[in-house]
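K.L.:
Pasting in a structure now, in structure tokens, and then I'll have a few things to ask.
The values are calculated or read from the model by the stated rules, or taken from the named source; none is laboratory data. Keep in mind that this is a model prediction, so the values were computed, not measured. Using ideal geometry, Cβ is built from the backbone for each residue, glycine included, and neighbour counts are taken over all protein chains shown.
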Amino acid sequence: MSEGQVIYPKPRRDQQECRELVAKGAYSVIFVVVALIVIRPLMVNQILSRADAYSAFRLHDEAKRQCDKVLLIDADNSHAWYLLACTHKAWGDRDAAYGAYQRATESDPTNVPAHFELALLYVQDGQPQQAVPYFDQVRQVESGRAHEHAPERFAYHRAALDMLVLCYEKVGDPTKAEFTREELRVFYPHHTQIGEQRAALTEERPG
């Protein structure tokens, strides 16, 4: 500081304007963040709807593109991983399908189709022991809906019990196989296990 130099305090009005600008900037940032939080699920659902439609019409390239968009926004979206797995399976890339199904089941333990399809892959590849935990998860999640009348919906609970019997037989565990048969009789007293029906389940299902 030079000798004799006088320092004048900054006008209070300038300080007040500065504070107001900072406050407005903070409010703008908060507004943008809140808007993104609100809009994000809507964006994801819209893109997933397109992915579902493309997958249903076997337009796998487009379905994968939409899934990739979703996973850029929400890396743990279970349904996107499931659709991606179905696409890889349809292309014959079983390693990629395994990985995507795993991500789908890890992201959402209640994603029944992902658990069931992953278990089927293991059965088709001669690994029934690996399939058991996934079929069992389907059994647990779907047990509460076992008696719901929904003819248009795939009977995951009954199919999982059927497949568990098959897996237990293949790994040489007759006790668990019989226990599961008894569970089938309790839930579905008029259901008869048919070898052809179980064999059909283990065949390739369209992706």
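K.L.:
Could you check Ala80 against (1) small (Gly, Ala, Ser); (2) out of contact with any Asp or Glu (no Cβ under 8 Å at 6 or more places or on another chain); (3) assigned to a helix (DSSP H, G or I); (4) at pLDDT 95 or above and say which number it fails?
P.N.:
(2)
K.L.:
Could you tell me which of the residues Ala119, Ala114 is surrounded by 21 or more Cβ atoms within 10 Å (Cβ to Cβ), assigned by TED's automatic domain parsing to the domain that holds Arg153, over 26 Å from Gln46 (Cα atoms) and under 16 Å from the mean Cα position of the chain (by Cα)?
P.N.:
Unique residue meeting the criteria: Ala119.
K.L.:
In segment 39-77, how many residues are surrounded by 14 or more Cβ atoms within 10 Å (Cβ to Cβ), in contact with a Ser or Thr (Cβ under 9 Å, 6 or more places away or on another chain) and not in a helix (DSSP H, G or I)?
P.N.:
Qualifying residue count, segment 39-77: 1.
K.L.:
A further question on this structure: Looking at Thr175, is it among the β-branched types (Val, Ile, Thr) and modelled with pLDDT of 85 or more?
P.N.:
For Thr175, the condition - among the β-branched types (Val, Ile, Thr) and modelled with pLDDT of 85 or more - is met.
K.L.:
Mind checking whether some residue in segment 89-106 is modelled with pLDDT of 95 or more, over 16 Å from the mean Cα position of the chain (by Cα), among the small types (Gly, Ala, Ser) and farther than 29 Å from Glu62 by Cα?
P.N.:
No, there is no match, as no residue in segment 89-106 is modelled with pLDDT of 95 or more, over 16 Å from the mean Cα position of the chain (by Cα), among the small types (Gly, Ala, Ser) and farther than 29 Å from Glu62 by Cα.
K.L.:
Can you tell me which residues in segment 128-172 are loosely packed, with under 14 Cβ neighbours inside 10 Å, at pLDDT below 95 and in a loop (DSSP other than H, G, I, E, B)?
P.N.:
Across segment 128-172, the qualifying residues are His147, Glu148, His149, Ala150, Pro151, Glu152, Arg153, Phe154.
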